[in-house]
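If you scroll down you'll find the structure; I have some questions about it.
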Amino acid sequence: RSMGPATTTRGGAGGSGVLALCLSSRRNMCINDRVVRESDREAVDSACRSRTASWVLERATQHPELSIETCPYFDNFQAAGEATTMPSGVYDLEELKQWGKTRGWCPYFTARKALNHANILIFNYQYMLDPKVAKMVSAELEAESIVVFDEAHNIDSVCIEALSVTLNERKLDQATRSLGRLSSEVTRMKATDSSRLQAEYQNLVNGLIGQGLLQPPANDAVLGSVSPKFIYMFCKCV
């Protein structure tokens with residue numbers, strides 16, 4: 001189960017052929033100085049995505065004159081492709097970050113790619129219990145995996161937090177206003193689409209009349225009475 005070319009180079013502590021990794025958030029694993037200087041986890045996540053998203057990389061490649069900033073560590077990781085393999089060993093967060101700096105690869109994405117090939121994974125409860133996170137991490141684990149919960153008496157509170165939603169009057173007011181705006185936009189789009197459809201329909205009828213495939217109506221009012229279903233069936237038969 002290798003990530004590319006097999007290697008026996010000693011990386012983290014140990015080196016017996018076992019690969020053990022710690023997984024954590026971008027904020028805890030990032031080695032890009034311009035990103036980790038952000039104030040909180042959400043800001044770090046946003047700064048990371050703004051440099052690593054596929055559409056950002058595509059735009060940076062297509063428009064080099066714009067000097068779009070990307071992450072050199074992620075770029076190197078992507079360029080390595082199938083060669084992104086990790087030596088056996090036991091890696092804590094600091095060892096992962098140090099190894100990433102040495103190779104010039106992003107520790108966060110390298111660890112994410114390596115998790116399916118690691119023998120031991122250590123991560124926060126949320127990676128297993130929070131549906132929003134678990135589907136990106138734990139869902140990739142093998143069915144035969146053994147799961148060990150340390151400090152298991154905290155599981156209840158973690159599950160409650162992960163599956164709970166806190167609402168207050170301000171959020172409800174904002175949701176109500178948002179629904180009102182959405183309703184207005186849907187009504188506007190329906191009216192616009194209806195007008196466009198009617199115009200296309202009239203053009204179709206006029207085209208059929210111009211080709212002699214449909215008798216012209218006695219007046220404009222009759223023109224609007226021609227059934228779209230009739231037009232469809234007529235064209236299909238012709």
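Looking for something open to solvent by 90 Å² or more (accessible area, probe 1.4 Å), assigned to a helix (DSSP H, G or I) and in contact with a helix residue (DSSP H, G or I) (Cβ under 7 Å, 6 or more places away or on another chain) - is there at least one such residue anywhere in region 115-129?
No, that holds for no residue.
Being closer than 30 Å to Gly89 by Cβ, out of contact with any Pro (no Cβ under 7 Å at 6 or more places or on another chain) and open to solvent by less than 60 Å² (accessible area, probe 1.4 Å) is the requirement here; does Leu21 meet it?
Working: closer than 30 Å to Gly89 by Cβ: yes; out of contact with any Pro (no Cβ under 7 Å at 6 or more places or on another chain): yes; open to solvent by less than 60 Å² (accessible area, probe 1.4 Å): yes.
Against the criterion (closer than 30 Å to Gly89 by Cβ, out of contact with any Pro (no Cβ under 7 Å at 6 or more places or on another chain) and open to solvent by less than 60 Å² (accessible area, probe 1.4 Å)), Leu21 qualifies.
Take Ser164 and tell me if it is open to solvent by less than 80 Å² (accessible area, probe 1.4 Å) and part of a loop (DSSP other than H, G, I, E, B).
For Ser164, the condition - open to solvent by less than 80 Å² (accessible area, probe 1.4 Å) and part of a loop (DSSP other than H, G, I, E, B) - is met.
Mind checking whether some residue in region 84-93 is in contact (Cβ under 8 Å) with a residue 24 or more places away in the chain and on the phi > 0 side of the Ramachandran plot? Before you say what the answer is, go through the steps one by one.
Here is the first cut: in region 84-93, the residues in contact (Cβ under 8 Å) with a residue 24 or more places away in the chain are 84-93.
This time we only want the ones that are on the phi > 0 side of the Ramachandran plot, so: 89.
Yes, region 84-93 contains a residue that is in contact (Cβ under 8 Å) with a residue 24 or more places away in the chain and on the phi > 0 side of the Ramachandran plot.
The values are calculated or read from the model by the stated rules, or taken from the named source; none is laboratory data. Keep in mind it's a predicted model, so treat the numbers as computed, not measured. Quick reminder, even Gly has a Cβ in these numbers, built from the backbone with ideal geometry, and neighbours come from all protein chains shown. Ligands, DNA and RNA are excluded from the accessible area calculation, which covers all protein heavy atoms including side chains. Shrake-Rupley method; radii C 1.70, N 1.55, O 1.52, S 1.80 Å.
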